[in-house]
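Structure first, then comments.
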Amino acid sequence: MRGVLVVMLALSVGCAPRSVRRGDGFALAEDWDRAAEAYREAMVRRPTSTRIAGKLAMAERGQQAKRVEQADAARVSAEVALREGRYSDAFVQLAEAVKLDPASPSIAELQVRAATEVRTLAEERARSEGWRAAYPMAVLSLRFAPGDAQSAALVTRARSGLFQTVDELVGEGAFEEAGKLAALVGAWEPELAGEARGRVDEAHSAALVREAAKLEKAGDARAWLTYARAASLHASEAAVSGRERLGRATVEDQRVSLRIAPANEALASDLVTLVQRGLAEQGLAQVDRGGDLVLSGVKARWNCTEKVSPRTESQQYVAESRWIENPERLAASRKAYEVRAEVSPLEAEVGQRWSKVESARYQAEQLREAWRIQEDSALRLEETASQSQGWLDEAETALREAQRESQDAASRGEDTSPYEALVDEWRTEVRKREQVLDTAKDAADDARRAAREADEQAGRAEGELTDAHAAYEEVERKLADARAEVDRADAVVAGLASEIEEPVYGTFAYESFEVVRTCVVSADASLGVSGAQAPRSFEVKRSVKDRHHEAYPAYGVAENPLKLSATDAELVEDALASVAATVVGLVRSERDALYQKRAASRDPAVQASMLLLAPRLGDKAWLEAEWGLKPDQLLAR
């Protein structure tokens, strides 16, 4: 095929579109996918081209042959994997083969054979090892042949057997083992993962709720943790309500209170108000008297400064102008010259094409005239043959008449010799006229054959005349387009000025000023356990800046007035809010430290509840090891 392909592509070289040449290159490399894509692109440009259509058909045949070859290779790989017992690999290879050649009988036969073999193995495992071992092979047999009723029925039985085992394990309290079986179902049938896992989690959650209720009744602090674990598995009403009820009780029991001493100064008082608001938003309890933690001695002050920095900037302006040759007109002139250069070859080609048309017309006329002469000759000779046939018929009639008269004379007993002589005479005449007829028929047949050949030659010549005239019209159309393009290019050139005025730029330097306004808020306070507060200091800066300069109209520089994005009051307010946020964070850290200290003195069950309710405290590795839970699973409240 490659030899034929090379010849076909060689015949197409020349004025072929770029996409065709690109497709030819891909075809030579037997890259049929990209070759077909290139030929389709060419067909969009030339939808009536039979030559490009032929190339596209060739590329599509190549694509199909390549897919069939790849599919066969995948089928062979699947057969090898099947023989070696690598059933998953066999499925992957067979699926690829089906995708490449879905109509292949051999691939379809292998699908059925593979499904049968794997289904038989699954049934053997079900009898010897149970549904847990048989289930994956049953699902795989159905994947090999999705429409196979026997495999589908086997999967249904295997799945039912697994779910029955899951229910039995759940009833026995073996939730971990039941979860493994549910995970097996989810791995092989992902659409059933939620149902399988849900059966286990719902039953496990119900068992934990019953256990938590017993612990709650006995006053055991582990009840909250058990409710929380049940809710994380299945959010039943009993599990969630138990978790919420005991969680709130634990929070209330272990709350750390905070007292904030009032401030005398206005700015410090604003800071205290912001801190109280931030602590309230985070749910930290505040009291008017006493308090586990105390924030006191709050003082605040502010100071704003300004820094001005001069800068030198520049602006281009038009100092003068000069006349230069119009570059647009130069480019248009070059384009007009290039377009005009295309006209002469087309004019020459038009003349050549017309000469070919005239030559083809003369040839067609000559051959058609030759056909008419041959046709007239054939008609005359056929007429002569027809006349000769009539003469022969007359002679044969006369011969029969003479023979009849001779017989009549013999029956009357008369002398028959005169009649016999007449019979011989007409018999000789018949033979002569037969020879004349044969000669006339041969001549007429030869003339008719020559007329047909002349007609075929004339038809071919007329077809060549039609092709030559079409080629002439195509070139003439290109010439008309080229001349129109020349006219348009000349019109563009004529519409452009030969010279244009070009500005000459100068640079004007001027001074601008950058103003930076900075406000600093500083604060002091004491924070800690009542009677043991530690002094703390805070400082936050906020700045805004802008540039400004005068106007210089002669040089095109507009005035840029000073516009700072914030006032001093706004800067102080923003800085004070940042100080307040820092104080809130510090208060929370102190509160958490005190909370953790208290938790360490409790029994492990209460300590676990406290740490879970304040999740940023302490090491919770023991919780996961003891209960199989991560703290973030239990914190939605």
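The values are calculated or read from the model by the stated rules, or taken from the named source; none is laboratory data. What you are looking at is a predicted structure, and each value in this text was computed from that prediction instead of being measured. FYI the Cβ positions are ideal-geometry reconstructions off the backbone, even for glycines, and counts take in every protein chain you see. Side chains included, ligands, DNA and RNA excluded: accessible areas come from the protein's heavy atoms. Shrake-Rupley method; radii C 1.70, N 1.55, O 1.52, S 1.80 Å.
Check cross-link reach from Lys545 to the lysines: straight Cα distance under 20 Å, and skip same-chain residues fewer than eight apart.
Qualifying lysines at Cα under 20 Å: Lys307, Lys563.
Out of the trypsin sites (Lys or Arg not before Pro) in segment 170-211, which ones are loop residues according to DSSP with at most 12 other C-beta atoms within 10 Å? Numbers along the way, then the final one.
Details: sites: Lys180, Arg197, Arg199, Arg210; in loops: none.
Sites meeting the loop and neighbour criteria: none at all.
Any idea what angle helix 175-188 forms with the longest principal axis of the chain, computed on alpha-carbon atoms, 0 to 90 degrees, nearest 10?
Taking Cα atoms only, the helix is inclined about 30 degrees.
Per residue, how large is the accessible surface of the chain? Use a 1.4 angstrom probe and give square angstrom.
Values: 37210 Å² over 637 residues.
Here the residues of the chain average 58 Å² of exposed surface.
From the square roots a ≥ b ≥ c of the eigenvalues of the alpha-carbon gyration tensor of segment 262-385, which class results: rounded (a/c under 1.5), prolate (a/b over b/c), or oblate?
Details: a/c = 16.34, a/b = 2.84, b/c = 5.76.
Judged from the Cα gyration tensor, segment 262-385 comes out oblate (a/c at least 1.5, b/c at or above a/b).
Could you give the size of the charge dipole of segment 262-373 about its Cα centre, using +1 on the Cβ of each K and R and -1 on the Cβ of each D and E, expressed in debye and rounded to the nearest 20?
Details: 16 positive and 17 negative charges, 70 e Å.
The calculated dipole for segment 262-373 is roughly 340 debye.
Among all the aspartates and glutamates, which ones have a C-alpha under 15 Å from Lys356's C-alpha, if same-chain residues fewer than 8 places away are not counted?
Glu347, Glu365, Glu462, Glu464, Asp467, Glu473, Glu474, Glu476
Got a sec to turn the phi values of segment 333-344 into Karplus ³J(HN,Hα) couplings, 6.51 cos²θ - 1.76 cosθ + 1.60 with θ = phi - 60°, whole Hz, x for Gly and Pro?
Calculated HN-Hα couplings, in order: 5, 4, 5, 5, 5, 5, 5, 5, 5, 7, 6, 4 Hz.
Once both axes come from the Cα atoms, what is the angle between helix 193-217 and the longest principal axis of the chain, in degrees from 0 to 90, rounded to 10?
Around 10 degrees separate the two axes.
Which of rounded, prolate or oblate describes segment 300-370 when judged by the alpha-carbon gyration tensor and an a/c cut-off of 1.5? Before the final figure, lay out each step's value.
Working: a/c = 15.35, a/b = 3.63, b/c = 4.22.
Oblate.
Take the Cα radius of gyration of the chain and divide it by 2.2 N^0.38 Å, with N its residue count; two decimals is plenty.
On the way: Rg = 54.1 Å, N = 637, 2.2 N^0.38 = 25.6 Å.
Here the answer is 2.11, to two decimals.
What value in Å³ per residue do you get for the convex hull of the alpha-carbon atoms in segment 460-558? Kindly include the intermediate steps, with their values, before the conclusion.
On the way: hull volume 32.0 nm³, N = 99.
So the per-residue hull volume is 323 Å³.
In Å, the Kirkwood hydrodynamic radius of segment 90-236 over pairs of distinct alpha carbons?
Details: mean 1/r = 0.0572 Å⁻¹.
Radius from the Kirkwood sum: 17.5 Å.
Sort segment 414-494 into rounded, prolate or oblate with this rule: let a ≥ b ≥ c be the square roots of the eigenvalues of the Cα gyration tensor; rounded if a/c is under 1.5, and if a/c is not under 1.5, prolate when a/b is larger than b/c, oblate otherwise. It would help to have the intermediate numbers written out before the result.
Working: a/c = 16.74, a/b = 10.61, b/c = 1.58.
It is prolate, given that a/c is not under 1.5 and a/b is the larger ratio.
Note down the Stokes-Einstein diffusion coefficient of segment 76-133 in µm²/s, whole number, using a Kirkwood radius over alpha carbon pairs, 10 °C, and 1.306 mPa s.
Details: Rh = 12.0 Å.
Taking Rh from Cα pairs, D becomes 132 µm²/s.
Angle between the Cα long axis of helix 222-233 and the longest principal axis of the chain, 0 to 90 degrees, nearest 10?
Compared with the principal axis, the helix lies near 10 degrees.
Straight-line reach from Lys217: which aspartates and glutamates have a Cα under 17 Å away, not including same-chain ones fewer than 8 places off?
Glu244
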